[in-house]
Amino acid sequence: MIRGGVAVAQPAPPPATPAPAEAPTPAPAEAPTPAPPAATPAAPITVTGRVVDAVRRPIRGATVRREDGAGEVVTDAEGRFSIEAPVGTTLVITSDRHGVALAGVTGPVLDDIVQLPELTGEQIEVTGEAPTPAAGAAELDRQDIQRLPGTGGDVVRALSAMPGVVNQQIPLGYSGVVIRGSSPQDSKVLIDDFEVPILFHPLGIRAVVPAESIDTLTFIPGGFDVAFGRSSSGIVQLTTRPGSEARSTQAEVSLIDGGLISQGPLGEHTRYMLALRRSVIDFVLPLVIPSSVDLSLTTVPQYWDEQLRIDHELNPRWNLSLSSVGTDDIFELFTTKEDAPSKRFFTRTRFLRLTGAAKYHDGEWQANLALSGMLAEIDAEVGLYQRLDVPTALVTPRAVVTRTMREAIGLRDVVWSSGAEAQIGHSSVDIALPLERREGEPLPPYDPRDTTTHFRGAVWFPDFAAWTSAAATFDPRIRITLGLRADYFGRPRELAVQPRSELQIKLSDTLTSRFSAGMYRRPPEFQTELLDPHVRSERSQQLTTGLEYTPILGVRLQGTMYYTDRTELITHNADGTLNNDGRGTSKGMELLAMVHGGAWFGWLGYSYSNSVRVDAPGGPVRLFDYDQPHNLNVAASWKRGRWQLGGRFTLYSGLPYTPVVGAEFDSDRNLHIPMPGAINSARAPIHHEVDLRVDYAWKWGPAAMVAYLDVQNVYFNRSVVTYFYNYDYSQRSAFESLPFIPSAGLRAVL
Amino acid sequence: MRRAAVLAVLAGCSADVDPDWQLSHDRVIAVRAAPPRLASGEVAAIDALLGHQGQPPDGVDPDTAEVVSPASLAGALGRQAAHWTVTAPGGDQLAAARSELGLDAGAPVPLRLRVGFTRLGQTALKVVWLGQHTDNPVVDPVTIGGMDGLAQVQLTVPAGVDVPLAVNFDATYNINWLTSCGTMHDFDLATAHLRVEPEDPHAGTLAIVVRDTLGGVAWHLWPITAQ
């Protein structure tokens, strides 16, 4: 193969200043491959290449422009571009957050073009104009998250702005993300490509990773490719932030928590980022809870989290990284003033994930090799009798090889990728709890002596997966991706073969339609599912179609329709054991508009969804617990000088609930047994609110300071979230939206 | 449930419902079999403690009663005068019932009853254990405001101060302090306290209800006023 090109990065001159046409940038000495005889300045050839940053990550959305102004293209998600240009032409590469790079055309394939960050460093703008991983997917970077009003700069609340994500002021009873009306456990949260057991700290007030530590948040509500598995609904992918070129330390404190981030170079080829955060709310909360409430706040709630990332460029082909994510959440209180053991409620969830990865890139070939390990423990004690302690050790090796070919077997832009991974886990389980509540089941009465579910022992769950996919352009307008994934779930000894495909049709330069179909599995690993080896994985078949319109850089409009058929859903038998008799469907549509232009950032997301299921053959059709028909988010943020102002309007349907129609008193257990009405036959009312955010930046000595105030629900709309019944179910109390939630913070960067 | 309740408290949920300790509420507070466990040939009487909205609680006999399970022991339930009673059958019948329920030989047989109260329009479940004898617990001593509670016929407590309440049972017992006068704190602990705030009713009833792990139940009631 003829190779050529240069990799030249320069500090940012004005991007509109091309090199003189008569003095094309020469190829450097280390790239001496001569141009082919046929390629002369008078005869343009098709030139392909890739734009990467200093740690070899692809830069998408970068503009590659011929110096003579005769052509201009934008890099795709993998940083790749293709442009018609004569040999000898200089290409000017620009992007919003990197310096200008120049590359000389010496042949049809250029080496990677490295764009260094601008010296001003922290500018981040949207990169969503490049193709998304699937129809309906969206990506937010750090600055987007911090600009969205009502989020307090937090990842969890930023997710709620995504069309397809169920919106709820406080996520009661789960720590995940609910996508397209399914259950939280049906979607996966990945940090640096690997799963984490929880997404947010106690009470859902903060994500386990602060926005300052992440680079991007990618949200894929469905239709994802074979590289992702173990999920029957959607994927949330967080990428931690690589250390910056310049050494810096920043501190941030708010009413909820405070943290430190340090980053910078370690030698010529290594960068680091280290972040540590601790809750502050455990100091604040006791001051605001009325003394008349019978609560003894021992450590309510306290959390730590940490993120570490070290990137090292071994040589031009190999990049190594070491990353770590960890949390330690403690929630302990006594529902009494006397700290009586029978009134104690304690939970502790902690995990530490450590990942080592090596990335290889040379010409057409790319390889990602990673080994990740995680130690996690869930510990809970309720009163005198109920407990849960599950320490888990998990090892996950993964290898992915990708080959990108300009042409192969008569097709263009062929990308072939294959991968394999193992996830081998071991849990020691000590459980003595009431029968778990599953989807749709009414909350059981609280019986402190109930230990119906009891198990003490060890569980191994060795899971393996392999996948392969190929994507190719059949016609300048048609691109097809075909993939096959096979999972072997060791606990139930189940082989799950999942074909997936996507068709992209470019209707015009700015309008693309996408259609995907695929099969997906979620292994039995939620609650006590792992204890029963006869419980199989849940299945879904997803059909997604969408339109993406990117008229200009910085503007993206997309509309998506989906239909998901769910089978083998895990439900309870009458005796409390588990089966796979449930099935259901989800269908809906989503709209998303993102605008980044000058000082403005705009966001409009709307979703309509309908999710129903049947728990047993012949049973009644009912709504999923998290069916939310309407969800609208409109946000705008404006930045000028030291000020940044933003507002957001949110409107969403209330969630379904099951009314209680009566109760019978059990005298010996001293509790009332509720008689539920039709499951999820009632719904909480619609909620709407306006959130505002203001940021002010200034210099204070050597420190760059930012103060912010983020106020949620500024007009005090207290709509009903759900209802709690009293002890005998004869009365109920509305659990209302939080009336007015200010979040203030201060950030200093040195 | 408790986590949800904790979240509700922390998040400012409005608690506009009657709390567990409120006696001024239409409900069945306890159903008692005396004795709760019977040897063959013994007879237990069934009665109950009911709470009423705006009225003092009272101890009554159920208006209706039926055997829920096992059906083979339906004949153990009977009525003597105005009282519902359970008569423990002989060893052969109990052995057959154990076989029906899959119990070990010699194990006590649970006779599950549903009793009804016409005035409240409510029913309650109660298990009487057949095959061995135990008695209901005895609520003694009871300390109220530092005094012997059982020696008091009428309680008078100061308003605006914490009045300590105590019984001598360990945490394996299910204890409920209930009142229609004032606000009860730690109502389900052996040591609780009552506080009558200015906005609270200043007259009503104080009750202690104790359950053991063998089906036994006992209660005691006091008229109470706050000054």
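The values are calculated or read from the model by the stated rules, or taken from the named source; none is laboratory data. Because the structure is predicted, anything quoted here is derived from the model rather than measured. Glycine gets a Cβ as well: all are built from the backbone with ideal geometry, and neighbour counts include every protein chain shown.
Identify, please: which residue in region A:334-346 is touching a Lys or Arg at 6+ places or on another chain (Cβ under 8 Å) and either in a loop (DSSP other than H, G, I, E, B) or not aromatic (F, W, Y) (or both) and is, among those, nearest to the other protein chains (Cβ to nearest Cβ)?
Once the filter is applied, the top-ranked residue is A:T336.
Out of the residues in region A:589-611 meeting the condition of being within 16 Å of A:N633 (Cα to Cα) and among the polar types (S, T, N, Q), tell me which one is surrounded by the fewest Cβ atoms within 10 Å (Cβ to Cβ).
A:S609
Out of region A:314-332, which residues are buried (at least 19 other Cβ atoms within 10 Å of the Cβ) and not small (G, A, S)?
A:N319, A:V325, A:T327, A:D329, A:I330, A:F331
Starting from region A:410-433, take each residue that is under 30 Å from A:T451 (Cα atoms) and polar (S, T, N, Q) and list its partners that are at pLDDT below 95 and not in a strand (DSSP E or B), counting only C-beta distances under 9 angstrom and pairs at least six apart or across chains.
A:S427/A:L530
Just need a number here: residues in region A:510-523 that are in contact (Cβ under 8 Å) with a residue 60 or more places away in the chain and either of a type in the set (D, E) or outside any strand (DSSP E or B) (or both).
So the answer is 1.
Considering region A:711-734 alone, what residues qualify as being buried (at least 20 other Cβ atoms within 10 Å of the Cβ), within 25 Å of A:S254 (Cβ to Cβ) and within 11 Å of chain B (Cβ to nearest Cβ)?
Within region A:711-734, A:V721 is the sole residue that qualifies.
Kindly check whether there is at least one residue in region A:694-705 that is within 14 Å of chain B (Cβ to nearest Cβ) and either over 30 Å from B:Y173 (Cα atoms) or acidic (D, E) (or both).
Among the residues of region A:694-705, not one is within 14 Å of chain B (Cβ to nearest Cβ) and either over 30 Å from B:Y173 (Cα atoms) or acidic (D, E) (or both), which makes the answer no.
For region A:687-705, how many residues meet the condition of being in a loop (DSSP other than H, G, I, E, B) and surrounded by 13 or more Cβ atoms within 10 Å (Cβ to Cβ)?
0
Is it the case that region A:244-254 has a residue that's crowded, with 20+ Cβ neighbours inside 10 Å, in a loop (DSSP other than H, G, I, E, B) and at pLDDT below 90?
no
Going by the conditions given, is A:I478 within 18 Å of A:W416 (Cα to Cα), in contact (Cβ under 8 Å) with a residue 12 or more places away in the chain and surrounded by fewer than 17 Cβ atoms within 10 Å (Cβ to Cβ)?
yes
The rows are residues; the columns are (1) surrounded by 16 or more Cβ atoms within 10 Å (Cβ to Cβ); (2) on the phi < 0 side of the Ramachandran plot.
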site: A:R493; (1), (2): no, no
site: A:P499; (1), (2): no, yes
site: A:Q504; (1), (2): yes, yes
site: A:Q527; (1), (2): yes, no
site: A:L530; (1), (2): yes, yes
site: A:T545; (1), (2): yes, yes
site: A:E548; (1), (2): yes, yes
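Suppose we filter region A:405-462 for residues that are of a type in the set (S, T, Y) and assigned to a strand (DSSP E or B); how many remain?
Residues that pass the stated criteria total 5.
Taking A:A678, is it outside any loop (DSSP other than H, G, I, E, B) and over 28 Å from the mean Cα position of the chain (by Cα)?
No, not satisfied.
Is it true that B:A15 is facing chain A (nearest Cβ under 7 Å), buried (at least 16 other Cβ atoms within 10 Å of the Cβ), modelled with pLDDT under 95 and not in a strand (DSSP E or B)?
No.
Within region B:142-160, identify whether any single residue is surrounded by 15 or more Cβ atoms within 10 Å (Cβ to Cβ), within 14 Å of chain A (Cβ to nearest Cβ) and not hydroxyl-bearing (S, T, Y), and answer yes or no.
no
So which of A:L384, A:L411, A:L394, A:L371 ends up being at pLDDT 95 or above, surrounded by fewer than 18 Cβ atoms within 10 Å (Cβ to Cβ) and out of contact with any His (no Cβ under 7 Å at 6 or more places or on another chain)?
A:L371
Which one of the conditions (1) under 20 Å from A:S183 (Cα atoms); (2) free of Cβ contacts under 8 Å to residues at least 60 places away in the same chain does A:L507 fail to meet, given that it meets all the rest?
(1)
Residues are listed down the side, and each one gets a yes or a no for (1) within 13 Å of the chain's Cα centre (by Cα); (2) of a type in the set (F, W, Y); (3) within 14 Å of another protein chain (Cβ to nearest Cβ):
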site	(1), (2), (3)
A:L190	yes, no, no
A:H201	no, no, yes
A:A251	no, no, no
A:S254	no, no, no
A:L260	no, no, no
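Go through region B:201-222 and give me each residue that's within 13 Å of chain A (Cβ to nearest Cβ), surrounded by 17 or more Cβ atoms within 10 Å (Cβ to Cβ) and of a type outside the set (A, V, I, L, M).
Answer for region B:201-222, where residues must be within 13 Å of chain A (Cβ to nearest Cβ), surrounded by 17 or more Cβ atoms within 10 Å (Cβ to Cβ) and of a type outside the set (A, V, I, L, M): B:R211, B:D212, B:G215, B:G216, B:W219.
Kindly indicate whether B:N136 is within 14 Å of another protein chain (Cβ to nearest Cβ) and either touching a Pro at 6+ places or on another chain (Cβ under 9 Å) or of a type outside the set (D, E) (or both).
yes
In region A:657-667, what count of residues is obtained for those that are in a strand (DSSP E or B) and either free of Cβ contacts under 8 Å to residues at least 24 places away in the same chain or surrounded by fewer than 17 Cβ atoms within 10 Å (Cβ to Cβ) (or both)?
4
Within region A:518-558, how many residues turn out to be farther than 18 Å from A:F464 by Cα, touching a Lys or Arg at 6+ places or on another chain (Cβ under 7 Å) and of a type in the set (A, V, I, L, M)?
Going through region A:518-558 one residue at a time, the tally reaches 0.
Checking A:T40 against (1) touching a Ser or Thr at 6+ places or on another chain (Cβ under 8 Å); (2) at pLDDT below 80; (3) hydroxyl-bearing (S, T, Y), only one condition comes out false. Which one?
(1)
Against the definition (surrounded by 18 or more Cβ atoms within 10 Å (Cβ to Cβ) and of a type outside the set (S, T, Y)), how does B:L194 come out, yes or no?
yes
Could you tell me which numbered condition A:G654 fails, if it satisfies all but one of (1) modelled with pLDDT under 95; (2) in a strand (DSSP E or B); (3) surrounded by 15 or more Cβ atoms within 10 Å (Cβ to Cβ)?
The one condition A:G654 does not meet is (2).
Please work out if A:T571 is among the polar types (S, T, N, Q), part of a strand (DSSP E or B), in contact with a Lys or Arg (Cβ under 9 Å, 6 or more places away or on another chain) and closer than 18 Å to A:A137 by Cα.
No: the conditions fail for A:T571.
From the set of residues in region A:412-452 that are hydroxyl-bearing (S, T, Y) and within 21 Å of A:T658 (Cβ to Cβ), which is farthest from the other protein chains (Cβ to nearest Cβ)?
A:T452
Any residue that is acidic (D, E) and without any contact (Cβ under 8 Å) to a residue 12 or more places away in the chain - is there at least one of those in region A:668-686?
Yes - at least one qualifying residue is present in region A:668-686.
When A:R642 is evaluated against the numbered criteria (1) among the basic types (K, R); (2) within 14 Å of chain B (Cβ to nearest Cβ); (3) surrounded by fewer than 16 Cβ atoms within 10 Å (Cβ to Cβ), which criterion, by number, is the only one it fails?
With respect to (1) among the basic types (K, R); (2) within 14 Å of chain B (Cβ to nearest Cβ); (3) surrounded by fewer than 16 Cβ atoms within 10 Å (Cβ to Cβ), A:R642 is out only on (2).
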